Amino acid sequence: MKSTLMIFPKLNNSIISKKLLFIPLGLIVSFCAPKKEITDNDKTAVEAKKINLSDSNCPEDGICSIEVIKNKSIVVKTDDFGSNYYLLEDNENTSVIYYKYDRNFEKDLQDAYYKEEIAFEVSNDVNQLNLTDEELQDTKMLYGRLCFCKGQTGFFKVTKGTLKYTKKGNEIAVDLDFENKKVPQIIKKIKATIMSCPKKG
């Protein structure tokens, strides 16, 4: 049965199955939901999704995450007001790279809520991409700015920037520089290496 995830500006958390936090360059940390607390002596026993990421990419006032959503495809839609949103649909031929920046805010100050997202789609059989400007839409790349910012929030197609994508074995490297001209933007560069969990025997 085909499943679909609908992504709206206020309902986008549904696409996050696992959170991977940024860590300083040169460190590798395990994140695949271990059943117990992991100590230094026990790290080799953990099957994990791993990430190697420069902390300079993430603002100090928030938390950033990145993940690969396997066997999904992006379907871009437009609502009755002309604003973009997107769906994630089952597709065994593609996967989605999803990045999120969540700014810290006091829970009783809802007007301070602020989030930025990037999502793009890559064919599962592609090992390397080097795309520029309009070519970024070959991946259906979207930038999302979600906040209480009247007239300056929503999802926008990315058509200015460069993307270098490399997949080797269980490792995926993403190097993205981008900008949009429609709304203010904090995140302009993403550089990450993601290692997927090894399959259980």
note = Across (1) surrounded by fewer than 17 Cβ atoms within 10 Å (Cβ to Cβ); (2) among the aromatic types (Phe, Trp, Tyr); (3) under 26 Å from residue 195 (Cβ atoms), residue 143 clears everything bar (1)
request  = Identify all residues within region 90-136 that are part of a loop (DSSP other than H, G, I, E, B) and within 22 Å of residue 185 (Cβ to Cβ); write none if there are none.
outcome  = 104, 105, 113
note = Just one listed residue, out of 163, 129, is over 17 Å from residue 182 (Cβ atoms), among the hydrophobic types (A, V, I, L, M, F, W, C) and free of Cβ contacts under 8 Å to residues at least 40 places away in the same chain, and it is 129
Test: residue 183 is surrounded by 13 or more Cβ atoms within 10 Å (Cβ to Cβ), without any contact (Cβ under 8 Å) to a residue 60 or more places away in the chain, in contact with a strand residue (DSSP E or B) (Cβ under 8 Å, 6 or more places away or on another chain) and within 21 Å of residue 79 (Cβ to Cβ) = yes
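Bear in mind these aren't lab numbers, they're just calculated from the coordinates by the rules spelled out. If you're wondering where the values come from, they're calculated on a predicted model, not measured in any experiment. Methodologically, a virtual Cβ is constructed for each residue, glycine included, from the backbone with ideal geometry; neighbour enumeration extends over all protein chains shown.
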